[in-house]
1. Can you name every residue in region 18-60 that is farther than 24 Å from Pro103 by Cα, of a type in the set (A, V, I, L, M) and not in a loop (DSSP other than H, G, I, E, B)?
2. For region 271-282, name all the residues that are part of a helix (DSSP H, G or I) and under 8 Å from the mean Cα position of the chain (by Cα).
3. Could you grab me the full set of residues in region 233-254 that are more than 17 Å from Gln294 (Cβ to Cβ) and either touching a Pro at 6+ places or on another chain (Cβ under 9 Å) or aliphatic (A, V, I, L, M) (or both)?
4. Within the set of pairs 6+ apart or on separate chains, which have a first residue in region 1-24 that is closer than 21 Å to Gly79 by Cβ, a second that is surrounded by fewer than 17 Cβ atoms within 10 Å (Cβ to Cβ) and of a type outside the set (A, V, I, L, M), and C-beta atoms under 6 Å apart?
5. One residue is enough: does region 291-312 have a residue meeting the conditions in the same structural domain as Lys115 (by TED's automatic domain parsing) and in a strand (DSSP E or B)?
6. Restricting attention to region 172-223, which residues are over 14 Å from Lys243 (Cα atoms) and among the acidic types (Asp, Glu)?
7. Scan region 191-212 for residues that are of a type outside the set (A, V, I, L, M) and in a loop (DSSP other than H, G, I, E, B) and jot them down.
Amino acid sequence: MKITQIETIRVGEFPDLIFVLVHTDGGVVGLGETWYAASTVEAAIHDHFGPLIIGRDPAEIEGHWQTLFKLSDHAGFGGAETRAISALDMALWDIKGKVSRLPVYELLGGAVRTKIRVYNTCGVYGEIDDGWAIYRDAGEVAKSLLDEGITGMKHSPTDYIARDTDGQFVHPEDLEWSLGPIRRIREVVGDEISVATDAHAKWNLPSAIRIAQAFEPYDPMWHEELLSPFNEVAHLRLQESTKTPIAVAERLVSRYEHRRFIESGAARIVMPDLEWTGGISEVHKIAILASAHQVPIAPHDCLGPVNMFACAQICMSSQNVMVMEYNRAMAKGWYGRFITPDVPVRDGFLHAPEAAGIGCELRPEVRDRPDAVIRVSDEPREAWLTSRKRYTYPPPDIQEMLDARRKGARDD
């Protein structure tokens, strides 16, 4: 089986969302996805990465990952390049699963569980306005989640108060206001629901320490991205200042950036984003790396609908997954217009997808949307491969010198 073309689909309604389809001459199509700066990812896929795997065997996932990553890592790999690799990797795993007639988690070593608990990130879409309601009556939001069997939630209590000082100083009255939601939750439902916070990397270290210590009496599940992840030493100092676990987070790209935070102890919870950090292949490795240090992972979501299915493959096959992120506003609000089946979240758990591959398909009508932008590549990038060979294989005279040196070393 060979890859015949790479197709991307963007939609105007969600300009940061891009679907990637890898087609084969056997009729099997793999579905991938990533989020953020979709037009830039589209260019990376069609101008650089996609043509490198056209004409090749889709089953050689690890080899393709290494080829694509090596193309990007010499110029900095943390942006659209890695998001493009992530989407292509996801689609290749989807193909392998479909050909094998197995869910991807079976190919990653088999299931260690068949469901994983979810927590709800308070988002806003349509009639579900958790992200705003949390400030109006957090207790009611918590009760509504518990009614659905969801026993964890995450909100961003310090985002608004960071604006006035750009995160350089936290005013006492602002800090008191930010404690309101978690305080109300504890008053209404007590410890029935776990509560995490996400600060979106808006604070400096002294302010982050002050925030973390102020929240301690309310027993948060974790603090996520109080600091920007540029400095693992600063994160370690933050972690040492509080008993609350520090989660680090979706801005880390690849196992190489995650390694520093895991080995130093700067992250007590690792939150890789499958669509940003390198795909199923890389999150599988990050989970193993974290497990060697007895650190749990909690995969990041709040992206497109395919991500939940891809993350489910990791959640079912990796022993050290503690919980999975879920955004009910998005999942119930618009995911179903793009994929089938619906995200398998029931009674507070993400269940193992039943279908082969990653477990979902893009709805055919997505291509017919008036705001859809479709681009296809179907030619291999032979010129690039030829130019690479010029450096990989030396001219005859240099090859003779190399062969003679090797022969001499063997004779000695």
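1. Ala38, Val41, Ala43, Ala44, Ile45, Leu52 - these are the residues of region 18-60 that are farther than 24 Å from Pro103 by Cα, of a type in the set (A, V, I, L, M) and not in a loop (DSSP other than H, G, I, E, B).
2. Passing the criteria: Leu274, Glu275, Trp276, Thr277, Gly279.
3. Of all residues in region 233-254, those more than 17 Å from Gln294 (Cβ to Cβ) come to 233-235, 237-238, 240-244, 249-254.
Result: Val233, Ala234, His235, Leu238, Thr244, Ala249, Glu250, Arg251, Leu252, Val253.
4. Thr8/Arg375
5. Step one: list which residues in region 291-312 are in the same structural domain as Lys115 (by TED's automatic domain parsing), which gives 291-312.
Then drop every residue that is not in a strand (DSSP E or B), which leaves 297.
Yes, region 291-312 contains at least one residue that is in the same structural domain as Lys115 (by TED's automatic domain parsing) and in a strand (DSSP E or B).
6. Residues of region 172-223 over 14 Å from Lys243 (Cα atoms): 172-195, 197-207.
The answer is Glu173, Asp174, Glu176, Glu187, Asp191, Glu192, Asp198.
7. Looking only at region 191-212, we keep the residues that are of a type outside the set (A, V, I, L, M), and these are 191-192, 194, 197-198, 200, 202-204, 206-207, 210.
Hits for region 191-212 are Asp191, Glu192, His200, Lys202, Trp203, Asn204.
Quick grid of which residues meet (1) surrounded by fewer than 15 Cβ atoms within 10 Å (Cβ to Cβ); (2) in contact with a strand residue (DSSP E or B) (Cβ under 6 Å, 6 or more places away or on another chain):
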{"position": "Val321", "(1), (2)": "no, yes"}
{"position": "Ala331", "(1), (2)": "no, no"}
{"position": "Arg337", "(1), (2)": "yes, no"}
{"position": "His351", "(1), (2)": "no, yes"}
{"position": "Glu365", "(1), (2)": "yes, no"}
{"position": "Ala372", "(1), (2)": "no, yes"}
{"position": "Asp378", "(1), (2)": "yes, yes"}
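The values are calculated or read from the model by the stated rules, or taken from the named source; none is laboratory data. Remember, it's a predicted structure, so these values are computed and weren't measured experimentally. Cβ: placed from backbone, ideal geometry, glycine included. Neighbour counts: every protein chain shown.
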